[in-house]
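> To start, I am sharing the structure in question, which I have written as structure tokens.
The values are calculated or read from the model by the stated rules, or taken from the named source; none is laboratory data. Computed from a prediction, not measured in an experiment: that's the story for all the values here. Cβ atoms come from the backbone with ideal geometry, glycine included; neighbour counts cover every protein chain shown.
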Amino acid sequence: MFTDRFLRDRRGVELDVQERQVLEKAIFEIRTIDARRTVVQAGEILSVSMLLLEGFMCRYLDDREGMRQLVAVQVPGDFLDLHAYPLKILDHDVASLTAATIAVIPHKALDEIRS
């Protein structure tokens, strides 16, 4: 199970076997990303969300002078863009800081989990 890599009791909440299976079933694809690669650009319309399995990623904005402003650093177990689920669009970019592995989960699968 992919979730075994990061879902442990350390976070204070442990998913039971059935909850883990639901999350695993929702995964459409596993992607390996090289370091320093943008995976979502601001303004891109999204129909999937990504769960970070391994590595480190960030969300960032570039200011008018070209300086990069990190707005979040993501660690394994974090959804990289879950707020795009209701919004369908982001106002910032998402990129890898290191080599990373992500699970791609379609928003339709999230709809099924919610109901």
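> Collect the residues in the range 47-67 that are out of contact with any His (no Cβ under 7 Å at 6 or more places or on another chain) and either surrounded by 12 or more Cβ atoms within 10 Å (Cβ to Cβ) or polar (S, T, N, Q) (or both), keeping them in residue-number order. Give the derivation first.
First, the residues of the range 47-67 that are out of contact with any His (no Cβ under 7 Å at 6 or more places or on another chain): 50-58, 62-67.
Those that are out of contact with any His (no Cβ under 7 Å at 6 or more places or on another chain) and either surrounded by 12 or more Cβ atoms within 10 Å (Cβ to Cβ) or polar (S, T, N, Q) (or both): 50, 51, 52, 53, 54, 55, 56, 57, 58, 62.
> Of the numbered conditions (1) surrounded by fewer than 17 Cβ atoms within 10 Å (Cβ to Cβ); (2) of a type outside the set (A, V, I, L, M); (3) modelled with pLDDT of 90 or more, residue 12 satisfies every one except a single condition; which is it?
So residue 12 meets the others, but not (3).
Matching residues to (1) of a type in the set (Phe, Trp, Tyr); (2) under 12 Å from the mean Cα position of the chain (by Cα); (3) over 17 Å from residue 33 (Cα atoms):
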| residue | (1), (2), (3) |
| --- | --- |
| 73 | no, yes, no |
| 80 | no, yes, no |
| 85 | yes, yes, yes |
| 91 | no, no, yes |
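> Also: Which of (1) part of a strand (DSSP E or B); (2) surrounded by 17 or more Cβ atoms within 10 Å (Cβ to Cβ) is the odd one out, the single condition residue 70 does not satisfy?
Of the numbered conditions (1) part of a strand (DSSP E or B); (2) surrounded by 17 or more Cβ atoms within 10 Å (Cβ to Cβ), the odd one out for residue 70 is (2).
> Do we have residue 79 as under 23 Å from residue 92 (Cα atoms), surrounded by 12 or more Cβ atoms within 10 Å (Cβ to Cβ), out of contact with any Pro (no Cβ under 6 Å at 6 or more places or on another chain) and modelled with pLDDT of 95 or more here? Full working, then the answer.
Numbers: under 23 Å from residue 92 (Cα atoms): yes; surrounded by 12 or more Cβ atoms within 10 Å (Cβ to Cβ): yes; out of contact with any Pro (no Cβ under 6 Å at 6 or more places or on another chain): yes; modelled with pLDDT of 95 or more: no.
No, not satisfied.
> A follow-up question, please. Mind checking whether some residue in the range 79-87 is free of Cβ contacts under 8 Å to residues at least 12 places away in the same chain and assigned to a loop (DSSP other than H, G, I, E, B)? Talk me through it step by step, then tell me what you get.
In the first step, residues of the range 79-87 are kept if they are free of Cβ contacts under 8 Å to residues at least 12 places away in the same chain; the result is 83, 86-87.
The next check asks that each one be assigned to a loop (DSSP other than H, G, I, E, B); those that pass are 83.
Checked the range 79-87: at least one residue is free of Cβ contacts under 8 Å to residues at least 12 places away in the same chain and assigned to a loop (DSSP other than H, G, I, E, B).
> Shifting gears a bit: Of the conditions (1) within 15 Å of residue 102 (Cα to Cα); (2) of a type in the set (S, T, N, Q); (3) outside any strand (DSSP E or B), residue 21 fails just one. Which one is it?
(1)
Conditions (1) at pLDDT 95 or above; (2) hydroxyl-bearing (Ser, Thr, Tyr); (3) in contact with a Gly (Cβ under 8 Å, 6 or more places away or on another chain), marked per residue:
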| position | (1), (2), (3) |
| --- | --- |
| 20 | no, no, no |
| 26 | no, no, no |
| 42 | no, no, no |
| 52 | no, no, yes |
| 57 | yes, no, no |
| 64 | no, no, no |
| 68 | no, no, no |
| 75 | no, no, no |
